[in-house]
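S.K.: There's a structure below that I have some questions on.
No lab work stands behind these numbers, since they all come straight from the coordinates. For clarity, every value in this text was computed on a predicted model and none was experimentally measured. Reconstructed Cβ throughout: ideal geometry from the backbone, glycine too, with neighbour counts over all protein chains shown.
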């Protein structure tokens, strides 16, 4: 890291200590949900724009939004738990005064509070999420246990940046349930610090990355985004909402959902991949095909 990066990270550590955000007091947990409150902007509802969506009752649309925001919170909590596992592995053999160790200890504390906050939000919304499947568990376990540091941090950065944009939608859409707005606000504030740190750390790797390493980073980001989508858009949710032929509807709606997701949540992700020259003749077709993103 450069001296400027080190000064910035010292500042981030200071802010974390001097201005901590505690979900217990920052979020108005006692505020009950009202009928006029939005639970999820239409831009983030997986079926928005699909013909089936127009056939749903108002109650079904609200139930779909409720279950999908619960699923997103669950996906964040699960991924942050994985990253805490990796961070503890990463700092295990570093000296107590090591700058990266000091920041990551703060991040572990904040990410642990986030997991508790997401769990409380899920409880508040009154629905159980659909657990990740066996494939998700195996891939995630291999990633946090065996990925080298640069790939693990790149995975984390991609998810944090995507979650930041998703949370921005929740936070700034008028009429959103205030509990969800404040959850998104707290998460965005602290994730902004984590993103700054991870970008500074990754510069050590990306600034000297050649064609093949940049290609690998690009694929890691791409697969993480696709991985998240597969934990979020679930047939079980459509079935619980009362949608006929949920498997078929999911297959039909998924491509359109991906296009909207790319538009709403992946702008900063594209900038990240551009920053290390990750879009090339090998990766561009994959981004177009897998994520419906135009590099």
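S.K.: What ranking do 226, 260 get, fewest neighbouring Cβ atoms within 10 angstrom at the top?
M.R.: Neighbour counts put them in this order, fewest first: 226, 260.
S.K.: If we count other beta carbons within 10 Å of each Cβ, what is the order of 239, 193, fewest first?
M.R.: Going from least to most buried by this count: 239, 193.
S.K.: Tell me, what is the FRET efficiency for residue 4 and residue 128 to the nearest 0.05, using R0 = 45 angstrom and their Cβ-Cβ distance as r?
M.R.: On the way: r = 46 Å, r/R0 = 1.03.
Computed FRET efficiency for residue 4 and residue 128: 0.45.
S.K.: Subtract the Cα-Cα distance of residue 169 and residue 149 from 0.36 nm times their separation in residues, and report this length gain in nm to one decimal. List each step's numbers first, then the result.
M.R.: Numbers: separation 20, 0.36 × 20 = 7.20 nm, distance 3.05 nm.
Working it through step by step, the gained length comes to 4.1 nm.
S.K.: Could you tell me whether the range 162-295 comes out rounded, prolate or oblate from its Cα gyration tensor? Rule is a ≥ b ≥ c as square roots of the eigenvalues, rounded for a/c under 1.5, then prolate if a/b exceeds b/c, otherwise oblate.
M.R.: Here the range 162-295 falls in the oblate category.
S.K.: How long is the gain from residue 95 to residue 35 if the chain were fully straight, where each residue apart is worth 0.36 nm and the alpha carbon distance is subtracted?
M.R.: 16.3 nm
S.K.: How much FRET efficiency would the formula 1/(1 + (r/R0)^6) give for residue 59 and residue 208, where r is the Cβ-Cβ distance and R0 is 45 Å, rounded to 0.05?
M.R.: Rounded to the nearest 0.05, the efficiency is 0.20.
S.K.: Another question, if that's okay. So the label point goes 7 Å from the Cα of residue 230 along Cα→C-beta, right? Which residues of the range 267-295 then have their backbone N under 16 Å from it?
M.R.: Once the point is set 7 Å along Cα→Cβ of residue 230, 287, 289-292 turn out to lie under 16 Å by backbone N, inside the range 267-295.
S.K.: Going by a ≥ b ≥ c, the root eigenvalues of the Cα gyration tensor, does the chain fall in the rounded group (a/c under 1.5), the prolate group (a/b larger than b/c) or the oblate group?
M.R.: Numbers: a/c = 1.97, a/b = 1.30, b/c = 1.51.
Judged from the Cα gyration tensor, the chain comes out oblate (a/c at least 1.5, b/c at or above a/b).
S.K.: Report the relative contact order of the chain, percent, no decimals, based on alpha-carbon pairs under 8 angstrom and at least 6 residues apart.
M.R.: Computed over the chain, the figure is 26 percent.
S.K.: Is the range 122-235 rounded, prolate or oblate when judged by the Cα gyration tensor, a ≥ b ≥ c being the square roots of its eigenvalues, rounded requiring a/c under 1.5 and prolate requiring a/b larger than b/c?
M.R.: On the way: a/c = 2.49, a/b = 1.44, b/c = 1.73.
Since a/c reaches 1.5 but b/c is at least a/b, the shape of the range 122-235 is classed as oblate.
S.K.: Summing -39500 (n - 2.57) over the DSSP H runs of n ≥ 4 in the chain and dividing by its residue number, what mean residue ellipticity at 222 nm do you reach, to the nearest 500 deg cm²/dmol?
M.R.: Rounded to the nearest 500, the figure is -24000 deg cm²/dmol.
S.K.: Using Cβ contacts closer than 10 Å as the measure, can you line up 27, 122 from fewest to most? Don't skip to the answer; put the middle values down first.
M.R.: Values: 27 22, 122 18.
The fewest-first ordering by Cβ neighbours comes to 122, 27.
S.K.: Oh, and also: For helix 178-206, report the angle its Cα long axis makes with the longest principal axis of the Cα atoms of the chain; keep it between 0 and 90° and round to the nearest 10°.
M.R.: Tilt relative to the chain: about 40 degrees.
S.K.: So, one more: For the range 182-220 and the range 278-295, what is the centre-to-centre distance using only Cα atoms, to the nearest Å?
M.R.: Their Cα centres are 19 Å away from one another.
S.K.: What FRET efficiency, computed as 1/(1 + (r/R0)^6) with R0 = 45 Å and r the Cβ-Cβ distance, is obtained for residue 255 and residue 142, rounded to the nearest 0.05?
M.R.: My answer for the efficiency is 0.95.
S.K.: Pairing the Cα long axis of helix 99-125 with the longest principal axis of the chain, what angle in degrees results, from 0 to 90 and rounded to the nearest 10?
M.R.: On a 0 to 90 degree scale, this one is about 10.
S.K.: Taking Cα atoms, how many degrees apart are the long axis of helix 149-172 and the longest axis of the chain, rounded to 10 and kept between 0 and 90?
M.R.: For 149-172 against the chain, the angle is about 40 degrees.
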